[in-house]
Structures are given as structure tokens and as C-alpha cells.
Amino acid sequence: MINRPTVLILSSDPAFSRDLTEAWPTGSEAPEFVLLEADHCRELQRDTYDLAIAEAVNPEKHSILKHALSRTGKPAIVIHSNTAAGVCAIQGPIIDLQRASHSWPAMPALLGREILRRLQAESRAAESDRLHAVADAEATLGRYMAEMYSSVNNALTSVLGNAELLLLEPGLPAPVLAQADTIRNMALRLHEVFQRFSSLEKELSVVARESGKKTKAANV
């Protein structure tokens with residue numbers, strides 16, 4: 001899950017980086033900015049940033065940047081000044097945005113914030129799905145244990161009863177009595193452990209009932 005996202009700024013112009021960072025609102029939602037010379041774009045690593053904003057100073061640099069950024073698969077905004085390329089174009093996770101005086105740097109900052117919000121939402125959804133899967137697995141195990149409780153408890157009762165009968169049997173050798181006593185004690189311990197699961201089925205029923213109520217309330 002993304003806690004504080006990282007925005008990578010690829011540019012050789014300090015003013016480009018300064019304008020972008022100043023256009024970003026400060027506060028708890030502000031990302032961490034990392035500055036990198038555009039010439040180092042071939043060294044990009046996927047896990048080092050969440051969003052890249054790059055400055056393409058000419059068509060050749062534009063092509064190089066797009067190739068390097070598309071290789072990582074991470075979202076990126078490439079700022080260019082080529083009027084022939086159009087104002088805005090989207091190709092996969094990369095947005096081509098023409099630099100215009102009336103929208104610089106507000107537009108790329110706005111797009112960047114929206115992209116990061118989407119990433120945060122996707123990350124929370126993935127974490128929710130993971131926790132839901134874990135809860136489902138634990139609930140399945142709990143239901144299985146609740147279903148098996150009665151059978152195991154009956155078996156333990158039989159073992160315990162037979163161990164008690166052996167201990168009452170006259171004339172048995174001491175080693176046999178010791179083994180019967182061990183069996184009885186272990187059966188008692190197992191019985192105590194499984195007694196803790198006796199209320200599990202009721203608890204699962206209560207949880208399922210409450211979950212059903214919340215689902216109905218949400219759908220109203």
C-alpha cells in the first residue's frame with residue numbers, strides 16, 4: 001500500500017522542477033519529490049517511484065523519455081512543446097502534455113494529483129481484497145473446526161473412557177498402568193483444547209448475521 005507516494009521529476013532545468021513542486025499543494029497529501037537529470041532516464045527502476053513527470057526539450061529527447069518510461073510500466077506525464085504532437089495524448093500509462101503558458105504548471109500538477117489519488121484508491125482496494133481473502137480463509141478454517149468438533153470430542157470421550165477402564169483393571173503391570181494414565185492425561189488435555197472451540201460456531205453465526213445486516217443497510 002502506498003503511504004507517501006514518490007514523484008520523480010526528470011529534467012535538466014532547475015526552473016522546471018521548481019515550478020512543478022511549487023504548484024503542488026503542501027500538507028499530508030504532498031508526495032515526496034525526487035529530481036533526476038533527464039539524461040539518466042535509461043537508468044530508471046520501476047520500484048523507485050510512483051509517478052514520473054518528464055521534460056522533453058526536443059523530439060529526440062521526447063522519444064527517448066517515452067521509451068524509458070514505458071519500460072517501467074509506471075504512470076508518467078511527458079511535457080513537450082511540439083505543437084504538431086497535439087495538446088494532450090494518452091498512450092498506455094503515459095500522458096503526453098503540451099506545455100502552454102496559460103496552464104503551466106497547474107495542469108501537470110493537477111493531472112499528477114489525480115493519478116496519485118487513483119493509485120492510492122487501487123492500492124487500498126488491493127489491500128482490502130487481500131484482507132478479505134485472509135478473512136475468508138480463516139472463516140473456512142473456523143467452520144471446518146466447528147464441524148469437526150463434535151466428531152473429535154466423541155473420539156476423545158471414547159479414548160478417555162477406555163483409559164479410565166484400564167486404570168481400574170486389577171492386576172495390570174505397572175508399565176501398562178503408566179501408559180494408560182498418560183493416555184488419559186493427554187486425552188484430558190486435548191479435550192480442554194477442543195472445549196475452547198465449542199463456542200466457535202455460535203461466534204461465526206453472530207459474525208455472519210451482523211455482516212448480513214450491514215450489507216442490507218448498505219443496499220438500502
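The values are calculated or read from the model by the stated rules, or taken from the named source; none is laboratory data. The structure displayed is predicted, hence computed values, not measured ones. FYI the Cβ positions are ideal-geometry reconstructions off the backbone, even for glycines, and counts take in every protein chain you see. Side chains included, ligands, DNA and RNA excluded: accessible areas come from the protein's heavy atoms. Shrake-Rupley method; radii C 1.70, N 1.55, O 1.52, S 1.80 Å.
Residues are listed down the side, and each one gets a yes or a no for (1) of a type in the set (Gly, Ala, Ser); (2) closer than 15 Å to LYS74 by Cα:
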position	(1), (2)
ARG4	no, no
SER12	yes, no
PRO25	no, no
PRO31	no, no
LEU36	no, no
HIS40	no, no
ASP50	no, yes
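When PRO108 is tested against (1) touching a helix residue (DSSP H, G or I) at 6+ places or on another chain (Cβ under 8 Å); (2) closer than 14 Å to VAL7 by Cα; (3) without any contact (Cβ under 8 Å) to a residue 24 or more places away in the chain, exactly one condition is not met: (3).
Of all residues in the stretch 33-50, those satisfying the criterion of being of a type in the set (Asp, Glu) and either touching an Asp or Glu at 6+ places or on another chain (Cβ under 6 Å) or free of Cβ contacts under 8 Å to residues at least 40 places away in the same chain (or both) are GLU37, ASP39, GLU43, ASP47. Across the stretch 40-61, the qualifying residues are those that are part of a helix (DSSP H, G or I) and open to solvent by less than 40 Å² (accessible area, probe 1.4 Å), and the one among them that is nearest to SER17 (Cα to Cα) is CYS41. Which of the residues belonging to the stretch 111-147 are free of Cβ contacts under 8 Å to residues at least 24 places away in the same chain and not charged (D, E, K, R)? Those that are free of Cβ contacts under 8 Å to residues at least 24 places away in the same chain and not charged (D, E, K, R): ALA121, ALA125, SER128, LEU131, HIS132, ALA133, VAL134, ALA135, ALA137, THR140, LEU141, TYR144.
Tell me which strands (runs of 3 or more DSSP E) are completely within the stretch 71-157 and hold 3 or more residues being in contact with a Leu (Cβ under 9 Å, 6 or more places away or on another chain) and aliphatic (A, V, I, L, M), or say none if there are none.
Counting at least 3 such residues, we get 76-80, 94-98.
If I ask for residues that are touching a Lys or Arg at 6+ places or on another chain (Cβ under 7 Å), open to solvent by less than 40 Å² (accessible area, probe 1.4 Å) and small (Gly, Ala, Ser), which ones from the stretch 74-116 would you list? If the condition is that a residue be touching a Lys or Arg at 6+ places or on another chain (Cβ under 7 Å), open to solvent by less than 40 Å² (accessible area, probe 1.4 Å) and small (Gly, Ala, Ser), then no residue fits.
Among the residues of the stretch 1-35, those that are crowded, with 17+ Cβ neighbours inside 10 Å, assigned to a strand (DSSP E or B) and not β-branched (Val, Ile, Thr) comprise LEU8, LEU10.
Can you run down the residue pairs with Cβ atoms below 9 Å, 6 or more apart or on separate chains, where the first is in the stretch 10-32 and among the small types (Gly, Ala, Ser) and the partner is assigned to a loop (DSSP other than H, G, I, E, B) and surrounded by fewer than 14 Cβ atoms within 10 Å (Cβ to Cβ)? What qualifies is SER11/GLU37; SER12/GLU37; SER28/ARG4; ALA30/ARG4.
Considering the stretch 1-29, and only residues there that are within 21 Å of the chain's Cα centre (by Cα) and not acidic (Asp, Glu), the residue that is nearest to ALA52 (Cα to Cα) turns out to be VAL7.
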